[in-house]
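In what follows, a structure is listed as structure tokens, so that the remarks can point back to it.
What follows is calculated from the coordinates using simple rules that are stated; it is not laboratory data. From a predicted model like this one, the values you see are computed outputs, not experimental measurements. Note: ideal-geometry Cβ built from the backbone for every residue, glycine included; neighbour counts use all protein chains shown.
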């Protein structure tokens with residue numbers, strides 16, 4: 001039950017349904033989800049350990065600002081792991097796997113054309129996960145997923161204007177994989193993940209109230 005509560009709250013923090021500064025109540029979350037307060041308390045603790053919420057005794061529990069420092073750390077970890085993964089994937093993926101990734105990108109385009117940002121985000125996740133899995137490095141994606149949440153909060157704010165660019169970059173990644181070119185794959189994934197710098201700059205200009213250090 002704790003996992004279920006955590007998953008719901010985590011997703012709401014990532015997609016900004018729960019925006020920075022939003023107040024959270026154990027009692028209200030428990031009532032809304034039809035559970036006792038203990039799994040909610042445990043989920044709150046996990047989220048606080050990850051830096052997504054701040055629990056203050058005798059005061060309101062709140063969603064934390066989007067941390068630039070946490071984003072930088074997450075970006076470093078993710079880039080290192082996915083670069084290594086792409087280098088191997090470029091040499092070992094087969095045509096059937098290339099085609100499956102191509103179909104994922106087509107589904108991403110359909111989601112964008114339908115204005116389905118949540119759907120696009122999930123397919124984006126699957127694209128990166130499947131590359132790791134096809135390369136026999138599924139554990140890499142587990143490490144990436146466990147460390148990238150702070151990046152995702154910022155990236156979610158950019159989907160309204162940047163999702164098409166992200167999809168184009170996915171095509172660049174896939175092209176490098178089809179050509180079995182590890183160097184091109186590394187360049188493509190770096191360009192893709194480094195776009196977080198542009199996202200942060202836009203947030204500083206347009207929504208500084210949701211940013212922290």
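Quick notes
- Using a Förster distance of 22 Å, the FRET efficiency for residue 175-residue 91 (Cβ separation, nearest 0.05): 0.90
- Whether segment 2-64 is rounded, prolate or oblate, judged on the alpha carbon gyration tensor where a/c under 1.5 counts as rounded: rounded
- Computed from the C-beta positions of residue 46 and residue 205 and an R0 of 41 Å, the FRET efficiency is 0.80 to the nearest 0.05.
- Crossing angle, helix 196-206 versus the chain [Cα axis fit, 0-90 degrees, rounded to tens]: 40
- Sequence-distant contacts, meaning Cα pairs under 8 Å at least 6 residues apart, place the relative contact order of segment 72-184 at 46 percent.
- Crossing angle, helix 149-178 versus the chain [Cα axis fit, 0-90 degrees, rounded to tens]: 10
- Contour excess over end-to-end distance, with Cα ends at residue 100 and residue 7 and 0.36 nm allotted per residue: 30.7 nm
- Segment 145-206: C-alpha gyration tensor shape, a/c 1.5 cut-off, then a/b vs b/c: prolate
- Contact order relative to length of segment 2-64, as percent, for alpha carbon pairs under 8 angstrom and 6 or more apart: 41
- Extending 7 Å from the Cα toward the beta-carbon at both residue 60 and residue 110 defines two label points whose distance is 4.2 nm.
- Helix axis angle, 117-134 relative to the chain longest principal axis, alpha carbon, degrees: 60
- Global geometry of segment 59-155, whether rounded, prolate or oblate, following the gyration tensor of its Cα atoms and the 1.5 cut on a/c: oblate
- For the chain, the relative contact order comes to 27 percent (Cα pairs under 8 Å, sequence separation of at least 6).
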